[in-house]
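A short write-up of the structure that comes next.
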Amino acid sequence: MRMIPASFINRTLHATERRGLDLSPALRVGGITRHELADPHTRLTIEQVADFMVASWDLTDDELLGMGLAPAPRGTFQLICFAVIHCPDLESVLRRLAGFLPVLPSSAPVTIDFLEDRVRIWFDTSELPNFDEDASLISDFGLLIFHRFAAWLTGRRLEPLAVELPHRSPNPIDIVAYHHMFGIPVSFNKPVPALEIALADLSSPILQTEASLQDFLRQSPRNLLSVRDYDSGVEARVRRIVELTAGGRQASAADLSSALAVSEPQLRRLLRQEGTSVNKVRDGVLRDAAIAALDAGESVDSISMRLGFSEPSAFRRAFKRWTGQTPGSFR
């Protein structure tokens with residue numbers, strides 16, 4: 001299971017506290033402690049973050065948590081979804097959104113530019129008087145919603161051409177998380193938050209219905225955080241294969257290249273372009289599984305055996321290398 005860096009929650013808390021909001025009750029709903037948030041290595045489960053977000057919305061009755069131009073009452077996202085669910089294709093969805101999103105009073109103005117070879121979706125954050133490093137989470141999540149919801153509507157992977165964010169580059173753990181979010185390397189220190197997709201993707205038909213949308217919304221925001229089938233980068237595809245084989249015979253570079261229908265040198269080159277490697281992806285999968293198991297109270301001996309380590313000491317050494325802590329101190 002993918003794990004989310006606790007810094008995302010920390011940034012939300014800092015931004016809302018400066019706006020006079022106390023989300024401590026939402027932390028308790030998500031089973032998140034201040035002690036965990038103080039550790040930069042803490043990674044939270046999707047369920048924890050989703051529960052925290054829902055509880056925060058209930059506390060504030062604002063899906064933007066006070067960081068927009070005006071409150072976005074509960075149900076705003078649902079209203080937008082139902083407004084586009086009957087569109088025939090992705091182009092119709094984006095053109096409809098381009099028509100009515102600018103009149104929503106709460107979020108930063110959203111512009112959808114239809115260019116010669118791409119579509120550029122961007123937020124004019126200059127309109128937000130409270131926009132800052134922490135509040136940028138709203139624009140980050142807004143772009144994620146565009147990407148994931150479009151992929152869900154069309155039932156296919158949509159690989160962005162570019163993802164640009166205006167805040168400074170985060171720490172390495174967060175950079176990896178951003179990469180997982182969008183499936184491609186994200187560019188930081190840009191003028192505005194923006195997402196670009198290929199014009200060719202606009203012909204993708206909408207496969208979902210009102211009935212499937214209702215199921216989708218019942219699981220929101222969990223599905224927006226956890227949908228993995230729509231991750232589009234090579235690393236994401238390698239990760240899925242490695243996750244399926246975790247605990248058994250480890251997938252070799254040859255196995256992975258065969259599954260992806262590319263040569264081994266090409267696979268290594270593509271992963272290098274995304275700032276990673278087969279070994280790094282494999283370590284990431286094992287690390288996330290180990291952290292989740294330790295959080296669940298599973299013993300070191302059991303985790304070691306289940307994840308395919310030769311002996312518990314080998315697992316302990318690997319965990320120390322991944323996190324800088326022993327399994328015992330991490331607990």
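With all pairs of different alpha carbon atoms counted, what Kirkwood hydrodynamic radius in Å does the stretch 191-324 show?
Numbers: mean 1/r = 0.0564 Å⁻¹.
Radius from the Kirkwood sum: 17.7 Å.
Can you tally the net charge around Arg118? Count Lys and Arg as +1, Asp and Glu as -1, for every other residue whose Cβ sits under 10 Å from the Cβ of Arg118.
On the way: positive: Arg120; negative: Asp113, Glu116, Asp117, Glu196, Asp201.
Residues near Arg118 contribute -4 overall.
Amide H neighbours of Ala162 under 5 Å, counting only residues 5+ apart in sequence or on other chains, H built in-plane at 1.01 Å?
Under 5 Å from the amide H of Ala162: Glu196.
Taking the stretch 264-303 as the region of interest, what is the percent of Cα-Cα pairs per 5 angstrom bin, listed from the shortest bin to the one with the maximum distance?
All Cα pairs considered, the percentages come to 5, 23, 20, 15, 12, 9, 10, 6, 0.
Which value, in Å² rounded to 10, gives the accessible area of Glu274 with a 1.4 Å probe and all protein chains present?
Answer for Glu274: close to 40 Å² accessible.
For the stretch 267-284, just list the computed ³J(HN,Hα) in residue order, Karplus coefficients 6.51, -1.76 and 1.60, θ = phi - 60°, integers in Hz, with x standing in for Gly and Pro.
Working through the residues one at a time gives 4, 5, 5, 5, 5, 4, 5, 9, x, 8, 8, 4, 5, 5, 5, 4, 4, x Hz.
Cα gyration tensor of the stretch 144-242, axes a ≥ b ≥ c as square roots of the eigenvalues: rounded (a/c below 1.5), prolate (a/b > b/c) or oblate?
Details: a/c = 1.69, a/b = 1.50, b/c = 1.13.
Judged from the Cα gyration tensor, the stretch 144-242 comes out prolate (a/c at least 1.5, a/b above b/c).
Ignoring ligands, DNA and RNA, what accessible area per residue does the chain give at 1.4 Å, in Å²? Present the calculation step by step, with values, prior to reporting the outcome.
On the way: 14990 Å² over 331 residues.
Ligands and nucleic acids excluded, the figure is 45 Å² per residue.
Per-residue HN-Hα couplings for the stretch 288-296, Karplus 6.51 cos²θ - 1.76 cosθ + 1.60 at θ = phi - 60°, whole Hz, x for Gly and Pro?
4, 5, 5, 4, 4, 5, 5, 4, 7
Could you give each residue of the stretch 317-331 its phi-based ³J(HN,Hα) in whole Hz, using Karplus coefficients 6.51, -1.76, 1.60 with θ = phi - 60°, and x for Gly or Pro?
Each residue's phi maps through the Karplus curve to give 5, 5, 5, 5, 5, 6, 10, x, 10, 7, x, x, 6, 5, 4 Hz.
Evaluate the stretch 9-121: find the radius of gyration of its Cα atoms, find its Kirkwood radius, and give the ratio Rg to Rh. Don't jump to the answer; show the numbers that get you there.
Details: Rg = 17.3 Å, Rh = 16.2 Å.
In the stretch 9-121, Rg relative to Rh is 1.06.
Provide the solvent-accessible area of Cys87, counting protein heavy atoms only and rolling a 1.4 Å probe, rounded to the nearest 10 Å².
10 Å²
Roughly speaking, to the nearest percent, how much of the chain's 1.4 Å accessible area is carbon and sulfur? Show your work: numbers first, answer last.
Values: 8060 of 14990 Å².
Within the chain, the accessible surface is 54 percent carbon and sulfur.
Calculate, in whole percent, how much of the Cα-Cα pair population of the chain lies beyond 25 Å.
55 percent
Sort Lys280, Lys320, Lys190 by heavy-atom solvent-accessible area, probe 1.4 angstrom, most to least. Don't skip to the answer; put the middle values down first.
On the way: Lys280 125, Lys320 100, Lys190 80 Å².
The residues order as Lys280, Lys320, Lys190, largest area first.
Only helical DSSP H runs with n ≥ 4 go in: add -39500 (n - 2.57) per run for the chain, normalise by residue count and round the 222 nm mean residue ellipticity to 500 deg cm²/dmol.
Numbers: 17 runs with 170 residues, N = 331.
The helix contribution divided over the chain gives -15000 deg cm²/dmol.
Among DSSP beta bridges whose residues both lie in the chain, state the antiparallel percentage, nearest 5. All intermediate terms of the calculation are to be shown ahead of the outcome.
On the way: 16 of 17 bridges.
That works out to approximately 95 percent antiparallel.
Out of Ala151, Ala98, Ala254, any idea which swings most in a Gaussian network model of the chain, alpha carbons joined below 10 Å?
The residue with the greatest mean-square fluctuation here is Ala254.
With an 8 Å cut-off on Cα pairs and a minimum separation of 6 or more residues, tell me the relative contact order of the chain in percent. Provide the component values of the computation, followed by the final result.
Details: 459 pairs, mean separation 51.5, N = 331.
Reported relative contact order: 16 percent.
The values are calculated or read from the model by the stated rules, or taken from the named source; none is laboratory data. Keep in mind that what you see is a predicted model, and the values were worked out from it rather than measured. Note that each Cβ is placed from the backbone with ideal geometry, even for glycine, and that neighbours are counted across all protein chains shown. Heavy atoms of the whole protein, side chains included, go into the accessibility calculation; ligands, DNA and RNA do not. Shrake-Rupley method; radii C 1.70, N 1.55, O 1.52, S 1.80 Å.
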